[in-house]
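Step one of this worksheet: look at the structure below.
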Amino acid sequence: QEREYFSSVLRYLTSKDIEITEKYLDRVFSLGKLNRHNKSSSCDDTAEVLFSKWDYWQRDYFSKMLSCFQDIFPKAEELGYKFSNFLT
């Protein structure tokens, strides 16, 4: 399910301009978890803490770009991502 969702989001974000092969997906998912976002993470800093350390212009730009993809927020939040925390 995660692999299928990743593929669909990637196709959406790139307007289907790239080929997403099984080999590519194998490589991506062999990396394991990166950018952990939940409380069981071994990372000391949450995404919110890291975001707060960015310069104002970085947070502002990221927020503006992220707001263009609000239609994927519900599915992302089902998977544990809280993108709405990064909108200013």
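The values are calculated or read from the model by the stated rules, or taken from the named source; none is laboratory data. Bear in mind that the values here come from a model prediction, so they are computed numbers and not experimental data. Quick reminder, even Gly has a Cβ in these numbers, built from the backbone with ideal geometry, and neighbours come from all protein chains shown. To get the accessible areas, we keep the full protein, side chains included, count just its heavy atoms, and leave off ligands, DNA and RNA. Shrake-Rupley method; radii C 1.70, N 1.55, O 1.52, S 1.80 Å.
See the values below:
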| quantity | calculated |
| --- | --- |
| Close pairs from region 64-88: first within 15 Å of TRP54 (Cα to Cα) and in a helix (DSSP H, G or I), partner among the polar types (S, T, N, Q) and modelled with pLDDT of 85 or more, Cβ under 6 Å, at least 6 apart | PHE86/SER63 |
| Candidate set from region 13-23 (those that are under 26 Å from MET65 (Cα atoms) and out of contact with any helix residue (DSSP H, G or I) (no Cβ under 7 Å at 6 or more places or on another chain)); member that is least open to solvent (accessible area, probe 1.4 Å) | THR14 |
| Residue in region 30-47 that is modelled with pLDDT of 85 or more, assigned to a helix (DSSP H, G or I), in contact with a helix residue (DSSP H, G or I) (Cβ under 8 Å, 6 or more places away or on another chain) and surrounded by 10 or more Cβ atoms within 10 Å (Cβ to Cβ) present | no |
| Where TYR5 falls short, out of the listed (1) at pLDDT 90 or above; (2) among the aromatic types (Phe, Trp, Tyr); (3) open to solvent by 50 Å² or more (accessible area, probe 1.4 Å) | (3) |
